[in-house]
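Asks: Take a look at the following structure, please.
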Amino acid sequence: MSRDPAQGRLPAAFLAAGGSSFTEFVSQHDPDLLPGGRAVPATPMIDVPHGTTIVTLTCSGGLVMAGDRRATMGSLIANRDMRKVFAADDHSLVGIAGAAGPAIEMVRLFQVELEHYAKVEGTLMSLEGRSNRLAAMLRGNLGLAMQGLSVLPVLGGYDAGRAAGRIFSYDVTGGCYEEQEHHSIGSGSLFARGALKKLWQPDLDRAGAIRVALEALYDAADDDSATGGPDVHRRIWPMVGVVDAAGVTFVDEAECESIVATILADRREGRGAR
């Protein structure tokens, strides 16, 4: 897919009219570039870094998504500062758990897919369309998932028609399911989900939803060794994204630090879960 040296210009495939799917274009002209187009080795995969826990919950006028920063490789901590929550486009967030390399690659391809669609069609893809495109990418990764390189994302976006946030979860085969109110994925999801059930309320504002997300991650880290809680010593805080009618924003480290400090103080004084 490089320039034609004889002509000094892009190959004809780049100049021909095509559809709105960038993934479809690549699959037709150079399928080896796609994660699902690569040969799957017959031998089991070696240990690779894995991302762990993501939580997401709806709030008044949007939703919040947060992820811890730890990546593990077997019993080892492979990375303490991994980013697991990304802006898919201006009005949706995607969080990743599973094999870190393929997961990040899938997110980048998904971002290009949505950008390509918007340029070709002149409009943003619908939220249902985005959820279905991500499901198709997961189906393309099934061969690698069967060898241990599974990717498990969660998609959250703002639906302008409903003026509310919506959450979509997935399985490794590409099954897509809409979740209500809140959801969590990754190794600490069981513990995070318990916290979300107790703390979530339908009238949460932005600040309240961010605190609930951080408390859920704190509880997950308390019981799951693969989930990294707030690292006060190294000043590493969970990554928190917010999506609403104004678009996607990320909570800065100073605000995260302040909220974490309040949570820790409340728990020391017996005003929160232990």
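Asks: Roughly what percent of Cα-Cα pairs across the stretch 184-274 reach past 16 Å?
Replies: Values: 2304 of 4095 pairs.
Counting every Cα pair in the stretch 184-274, those more than 16 Å apart make up 56 percent.
Asks: Give the percent of DSSP beta bridges with both residues in the stretch 146-197 that are antiparallel, rounded to the nearest 5. Show your work: numbers first, answer last.
Replies: Values: 10 of 10 bridges.
Antiparallel bridges: around 100 percent, rounded to the nearest 5.
Asks: Shifting gears a bit: Tell me the per residue accessible area of the stretch 109-217 using a 1.4 Å probe; a whole number in Å² is fine.
Replies: Working: 4830 Å² over 109 residues.
The answer is 44 Å² per residue.
Asks: A further question follows. At a 1.4 Å probe, what is the % contribution of carbon and sulfur to the accessible area of the stretch 61-171? If you can, show how the numbers build up before the last one.
Replies: Details: 2150 of 4230 Å².
Ligands and nucleic acids excluded, carbon and sulfur give 51 percent.
Asks: What size of dipole, in debye to the nearest 20, comes out for the stretch 196-274 about its Cα centre when the only charges are +1 on Lys and Arg C-beta atoms and -1 on Asp and Glu C-beta atoms?
Replies: Details: 10 positive and 15 negative charges, 44 e Å.
Charge dipole of the stretch 196-274: 220 debye, to the nearest 20.
Asks: So what are the ³J(HN,Hα) numbers for the stretch 134-145, from phi and the Karplus equation (6.51, -1.76, 1.60; θ = phi - 60°), rounded to whole Hz, Gly and Pro as x?
Replies: Taking θ as phi minus 60°, the curve returns 5, 4, 5, 5, 5, 4, x, 9, 4, x, 5, 4 Hz for the stretch 134-145.
Asks: Each residue of the stretch 236-253 in order: what ³J(HN,Hα) in whole Hz does its phi give by Karplus 6.51 cos²θ - 1.76 cosθ + 1.60, θ = phi - 60°, with x for Gly and Pro?
Replies: Karplus-based 3J(HN,Hα) across the stretch 236-253 equals 10, 10, x, 8, 10, x, 10, 10, 8, 4, 7, x, 8, 9, 10, 6, 6, 5 Hz.
Asks: Of all the accessible heavy-atom surface of the stretch 221-269, with the other protein chains kept in place and a 1.4 Å probe, what percent is carbon and sulfur?
Replies: Details: 1170 of 2500 Å².
That fraction is 47 percent.
The values are calculated or read from the model by the stated rules, or taken from the named source; none is laboratory data. The model shown is predicted, which means the values in this text are computed figures rather than measured ones. Positions of Cβ are generated from backbone atoms using ideal geometry, with glycine treated the same way; all protein chains shown enter the neighbour counts. Remember, those area values only see protein heavy atoms, side chains included, never the ligands or the DNA or RNA. Shrake-Rupley method; radii C 1.70, N 1.55, O 1.52, S 1.80 Å.
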